[in-house]
Amino acid sequence: MLEIKDKYFTGWTFIDLFAGLGGFHLALASLGAKCVYANEWDTAAQEVYAENFGIVPDGDITQIDEKTIPNHDILCAGFPCQAFSISGKQKGFEDSRGTLFFDVARIVKKKKPKIVFMENVKNFATHDNGKTLAVVKSTMEELGYQFNQKVLNAVDFGIPQKRERIYMVCFRNDLMVKDFAYPKPFELVRHVEDILLHDVSMVKHLYVNRPDTYYKDTICAEYSDKAIRLGTVNKGGQGERIYSTKGIAITLSAYGGGVFAKTGGYLIDGTPRRLHPRECARLMGYPDSYKICRRDTQAYKQFGNSVVIDVLQLIGIQMGKAIAEAETNERSGIQKLVI
């Protein structure tokens, strides 16, 4: 998680939909905004959210009356990717009905926040031959918003994990935002070895020592901004691969099996092991002060489903700059009219 000096959204409020562990919450709060409402259906995630933020998220968003949600400036939503039922040539708001995105849309329609900030898996961009994204775009435009989207990889923004996600930023049209740009990539300076725990007692149960472990002949001595595969366990399927700590982590997953399930295996002190939940937290940008779920199974799932805080912060900074630029241009235009 980045330390943010400029509080671009001081005095602004936001809501956190499909809140999970609160990645959006941490990112927006670091920029000065205040959370006034959260929603998350998973009870285990609700508990962790409440413990960290003192807010108990509402459940099942489909049952929430949008009129009861507090007014807010920014709506954040990492909504699940569901199939959009598109019939005939219909487009926009009507075609989003029956999906969880519709719940985002109906809240936007009622509350008209200044910014809608959404995240989803990379494949969302091409899902159903691009029709899904087209429905989201047309829906937001129909509701009076400028729509921006881009797929970004966390490894390009200081996080040693391959994690490609689509980030959608929508500004309300009357804000007259013209200069929004996604953050530019920068050189990676951290690798898996930099996020590892050094307390052996915390990770000793994660080591795997099996006779069916096989390594490549090559030895990795150099750092890389890619995952460096060293060997395998068993047949080498997903969750059975061993990587170097001098590279980056594979994408953390909420599901999947294998001896190194959800995190991948990493050769540490001569023996492979899966990552600890705290190490997963670090790979998602969560500070060590963040209180994680005490049940490891749930913790792995939660971080596999989470958002990368650093990337959200960097996008948030760009959002803040675009808003400030638009406000400056508006003031300048008013002064010219007066003169």
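The values are calculated or read from the model by the stated rules, or taken from the named source; none is laboratory data. These numbers come from a predicted model, not from an experiment. Quick reminder, even Gly has a Cβ in these numbers, built from the backbone with ideal geometry, and neighbours come from all protein chains shown. Each accessible area value is taken on the protein alone, full model and side chains, heavy atoms only, with ligands, DNA and RNA left out. Shrake-Rupley method; radii C 1.70, N 1.55, O 1.52, S 1.80 Å.
If I ask for residues that are of a type in the set (D, E, K, R) and within 17 Å of LYS301 (Cβ to Cβ), which ones from the range 231-281 would you list? First the steps, then the outcome.
Applying the first criterion (of a type in the set (D, E, K, R)) to the range 231-281 yields 235, 240-241, 246, 262, 269, 273-274, 278-279.
LYS262, ARG274, ARG278, GLU279 - these are the residues of the range 231-281 that are of a type in the set (D, E, K, R) and within 17 Å of LYS301 (Cβ to Cβ).
Pull up the range 238-252, narrow it to residues that are part of a loop (DSSP other than H, G, I, E, B) and either without any contact (Cβ under 8 Å) to a residue 12 or more places away in the chain or open to solvent by 40 Å² or more (accessible area, probe 1.4 Å) (or both), then point me to the one that is nearest to VAL189 (Cα to Cα).
Here is the first cut: in the range 238-252, the residues part of a loop (DSSP other than H, G, I, E, B) are 238-240, 244-248, 250-252.
Within this subset, residues satisfying the condition of being either without any contact (Cβ under 8 Å) to a residue 12 or more places away in the chain or open to solvent by 40 Å² or more (accessible area, probe 1.4 Å) (or both) are 238, 246, 250-251.
Working: GLN238: 27, LYS246: 11, ILE250: 17, THR251: 18 Å.
Going through the qualifying residues, I end up with LYS246.
If PHE79 meets every condition in (1) within 17 Å of GLN302 (Cβ to Cβ); (2) at pLDDT 95 or above apart from one, which number is that one?
(2)
Go through the range 115-158 and count every residue that is out of contact with any Cys (no Cβ under 8 Å at 6 or more places or on another chain), farther than 22 Å from LYS321 by Cα, among the aliphatic types (A, V, I, L, M) and open to solvent by 10 Å² or more (accessible area, probe 1.4 Å).
Going through the range 115-158 one residue at a time, the tally reaches 5.
Checking the structure you have, find out if any residue of the range 180-191 is of a type in the set (A, V, I, L, M), open to solvent by 90 Å² or more (accessible area, probe 1.4 Å) and at pLDDT below 95.
In the first step, residues of the range 180-191 are kept if they are of a type in the set (A, V, I, L, M); the result is 181, 188-189.
Then keep just the ones that are open to solvent by 90 Å² or more (accessible area, probe 1.4 Å); that gives 189.
Okay, now just the ones that are also at pLDDT below 95, so none.
No, every residue in the range 180-191 fails to be of a type in the set (A, V, I, L, M), open to solvent by 90 Å² or more (accessible area, probe 1.4 Å) and at pLDDT below 95.
Going residue by residue through the range 147-156, is there one that turns out to be among the β-branched types (Val, Ile, Thr), outside any loop (DSSP other than H, G, I, E, B) and closer than 27 Å to LYS112 by Cα?
Let us first name the residues in the range 147-156 that are among the β-branched types (Val, Ile, Thr), namely 151, 155.
When the remaining residues are screened for being outside any loop (DSSP other than H, G, I, E, B), the result is 151, 155.
Add one more test, that the residue is closer than 27 Å to LYS112 by Cα, and what stays is 151.
Yes, that holds for at least one residue.
Hey, among the residues in the range 39-78 that are among the hydrophobic types (A, V, I, L, M, F, W, C) and closer than 14 Å to ASP103 by Cβ, which one's most open to solvent (accessible area, probe 1.4 Å)? Let's see the steps before the verdict.
Step one: of the range 39-78, the residues among the hydrophobic types (A, V, I, L, M, F, W, C) are 41, 44-45, 48, 50, 53, 55-56, 61, 64, 69, 74-77.
Checking the rest, the ones that are also closer than 14 Å to ASP103 by Cβ come to 41, 61, 64, 69, 75-77.
On the way: TRP41: 181, ILE61: 8, ILE64: 32, ILE69: 3, LEU75: 0, CYS76: 0, ALA77: 0 Å².
Looking at the filtered set, the residue picked out is TRP41.
Answer yes if at least one residue in the range 158-165 is touching a residue at least 24 places away in the same chain (Cβ under 8 Å), of a type in the set (A, V, I, L, M), more than 26 Å from PHE260 (Cα to Cα) and not in a strand (DSSP E or B), and no otherwise. So that I can check it myself, show each step before the final result.
Within the range 158-165, the first condition is being touching a residue at least 24 places away in the same chain (Cβ under 8 Å), and the residues that meet it are 158-165.
In the following step, the residues that additionally are of a type in the set (A, V, I, L, M) were identified as 159.
Now restrict to residues that are more than 26 Å from PHE260 (Cα to Cα): none.
No, every residue in the range 158-165 fails to be touching a residue at least 24 places away in the same chain (Cβ under 8 Å), of a type in the set (A, V, I, L, M), more than 26 Å from PHE260 (Cα to Cα) and not in a strand (DSSP E or B).
What do you reckon, is ALA105 of a type in the set (Gly, Ala, Ser), assigned to a helix (DSSP H, G or I) and crowded, with 19+ Cβ neighbours inside 10 Å?
On the way: of a type in the set (Gly, Ala, Ser): yes; assigned to a helix (DSSP H, G or I): yes; crowded, with 19+ Cβ neighbours inside 10 Å: yes.
Here the answer is yes, as ALA105 does meet what is asked.
Select from the range 269-293 the residues that are open to solvent by less than 40 Å² (accessible area, probe 1.4 Å), in contact (Cβ under 8 Å) with a residue 40 or more places away in the chain, outside any loop (DSSP other than H, G, I, E, B) and touching a helix residue (DSSP H, G or I) at 6+ places or on another chain (Cβ under 8 Å) and list them in ascending order.
Hits for the range 269-293 are ARG273, ARG278, GLU279, LEU283.
Given the condition farther than 27 Å from CYS280 by Cβ and at pLDDT 95 or above, answer yes or no: does some residue in the range 19-34 qualify? Can you show your working first?
Here is the first cut: in the range 19-34, the ones farther than 27 Å from CYS280 by Cβ are 32, 34.
Then drop every residue that is not at pLDDT 95 or above, which leaves 32, 34.
Scanning the range 19-34 turns up at least one residue that is farther than 27 Å from CYS280 by Cβ and at pLDDT 95 or above.
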